[in-house]
Structures are given as C-alpha cells and as structure tokens.
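No lab work stands behind these numbers, since they all come straight from the coordinates. Everything numeric in this text was worked out from a predicted model, so none of it was measured. Neighbour counts run over all protein chains shown; Cβ positions are idealised from the backbone, glycine included.
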Amino acid sequence: MMNKEDTKNQMIQAVETVRKTNPMAGSITNTVTVNFVANAQLAVGGSAAMVYLPDEGEFLAKVGGATYINVGTLLPIYEQTLPHVAKVLHDTGKPWVLDPVAVGIGSLRTNLLRKFKEYKPIVIRGNASEIIALAGLWGMEGGTDISNVRGVDSTDSVRTAKAAAVALARWTGGAVAVSGKTDLITDGSVMAYSHGGSHFMEKITGAGCSLGGVVTVYATAASPFIAALTATAVYNLAGTRAENKADGPGSFQIQFLDELYKATASDIANNPFEMEEVNL
C-alpha cells in the first residue's frame, strides 16, 4: 500500500508541475457551470478550453493533456460529440475524466453513459447516488437500478457508494472520487477520505462540475488516484478558507476561486485525509 508521506509528495509534485507547465485540459461540460469550471481550472494553474462540436472535441482530445466530459446539460449535438471524443481519447491513450451527472434521467443520457463503459475514463467523479447508479448501469457490484436516481442531488451517503466506487475503479484501471460531507477517493486497492469543504458548496451551482474540471487538470501531471485526491484536497482546503471570509453564497464563490489560486502545494497535500487498504 502507498504510504501517506509518499502520497503527499506525489500531490505536491502534481501541484507544482501544473503550475509550471500550464497544461491544457479541455472540457465538454455542463452549460450551467461552464464559466465556473473554466475559472477553477485557470485558478489552479491549468489552461481551459470549452467546446461542443465533434471536430473541436477531437482536436482538443489530441492536443490537450487531458479532457473532461460532463453530461449535466445535454445538447442534441452531444449525441455525436461525446461518444466520438471518448473513443478518440480511448484509442489514443489520452486521459479523460467523466462526471455522470444525473445518470438515469432520459434515454440520451443513459445511452451515452452506457457507451462510455468501453472507453474507460481514468477518473469518474460524482456524488454517491451517481456513482452507485453508474455502477448499476454498467452491471457492476455495488450498483443499483438507475430508476432510483433523483436528479443531480445525492440521496445516498458516501460510504454506501464504497463498493460501487471500487468496482468502477477496478474496471477502468483508474480512480473514482465520490463527493460528499467526507469525500472518498479510490483506485480499487487504496481508499482515501478527504476532509474540509463548506456548506456553501451546496448553495452554488458548479462546485462538483468544476471539481471534475480540476481533476482533469491534475490528470495531466499525475496518476488518476493522485489527480483525484489532489483536486479534492484543494477543494476542501479552499472551501474551508473561503467560508471563513464569505458572507453568503455569492461572496463565497469569489473567495473560493481566490483560495484555489492562493493554496500552496504543501497546504494542499497537508489538508486532512486518511488512507486505508480496500478489503472488498
């Protein structure tokens, strides 16, 4: 098992590499949150590019360091764009991150997410209900019928998603990040629990979506597990710090972006987390 000090050192290296290299992390993402996703990626040191069309998505997949696909608000063109880009990413061995927002709502979303199974994203990020539902859609242990999903809000606790997260991580060979009061990150053999954040994250749109975008930035410079853990850690750290300065959700969002920008590599690596071996 990877020890905690080694993990922290890898997190520090990921943060420092991103800030030195300004890597491209393209996104095909939720139209409700596209601005916040891009700003968060820029704040941590990445370079953002948001696209919709199949040819532009393919271009970004080939030239970018990693790509983020979020199915939050689907446009008709996404029926062409998303499977095409996911296939290009898989075939070229480029890392990509999936956010299965509201899995189970509508046939287009369901069919697209079903297709993604064979293209194996290196990180899957979602709330507990989304992770459990995606495992169910992909026929994996810990999953449940997708008809139980209730939109974008989680009705399950993070710990109930443990088996589903492990199964998904083992299938993809990457990592899964489950967002909640205490966040869970696993690569199928190691489990990390990351602490912090803010209650204001539930009062703004885009906290989860932008986290997926930041995971993608770090995925250009680190393993899937380290990328997911580092992104989660900086979010928890920035959320805690921003809450102490904010008067409400509006000022929190501004302070949060500032804290993402100001957080040092050491601060991020030392944000509280625990690790354990997976026994499933």
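Assorted remarks:
- Share antiparallel - DSSP beta bridges, region 100-218, percent rounded to 5: 60 percent
- Rounded to the nearest angstrom and listed largest first, the equivalent-ellipsoid semi-axes of region 75-144 from its Cα gyration tensor are 19, 15, 10.
- Applying 1/(1 + (r/R0)^6) with R0 = 41 Å to the Cβ-Cβ distance of Glu56 and Asn279 gives a FRET efficiency near 0.40.
- Theoretical ellipticity at 222 nm over the chain - DSSP helices of four or more residues, -39500 (n - 2.57) apiece, nearest 500: -15000 deg cm²/dmol
- Protection proxy ranking of 246-253, 269-276, 63-70, by the mean of other Cβ atoms within 10 Å over each peptide's residues and highest first, is 63-70, 269-276, 246-253.
- Highest-first packing order for the peptide set 177-183, 87-93 is 177-183, 87-93, based on the mean count of other beta carbon atoms within 10 Å.
- Projecting the Cα atoms of Ser157, Gly93, Gly143 onto the dipole axis of the chain, where Lys and Arg carry +1 and Asp and Glu carry -1 at the beta carbon, places Gly93 farthest toward the positive end.
- With each label modelled as a point 7 angstrom along the Cα→C-beta vector, the Ser107-Thr17 pair spans 4.4 nm.
- Highest-first packing order for the peptide set 96-103, 157-164 is 96-103, 157-164, based on the mean count of other beta carbon atoms within 10 Å.
- Placing dummy labels 7 Å off each Cα toward the beta-carbon, the span from Ser251 to Thr92 is 4.5 nm.
- Under the membrane-span-like helix rule (DSSP H runs whose alpha carbons stretch at least 24 Å along the helix axis, mean Kyte-Doolittle hydropathy -1.0 or higher), the chain yields 224-243.
- Cα-based shape type of region 207-267, given that a ≥ b ≥ c are square roots of the gyration tensor eigenvalues and the cut on a/c is 1.5: prolate
- Stretched out straight at 0.36 nm per residue, the stretch from Asn35 to Arg159 would grow longer than its current Cα-Cα span by 41.5 nm.
- For the chain, the antiparallel share of DSSP beta bridges with both residues in that region comes to about 40%.
- In this structure, the residue pairs whose Cα-Cα separation is over 31 Å, taken from Lys8/Lys94; Lys20/Lys162; Lys94/Lys203; Lys87/Lys162, are Lys20/Lys162; Lys94/Lys203.
- Placing pseudo-labels 7 Å out from each Cα toward the beta carbon at Thr240 and Asn9 gives an inter-label distance of 2.4 nm.
- Across region 168-219, the convex hull enclosing all Cα atoms gives 83 Å³ per residue.
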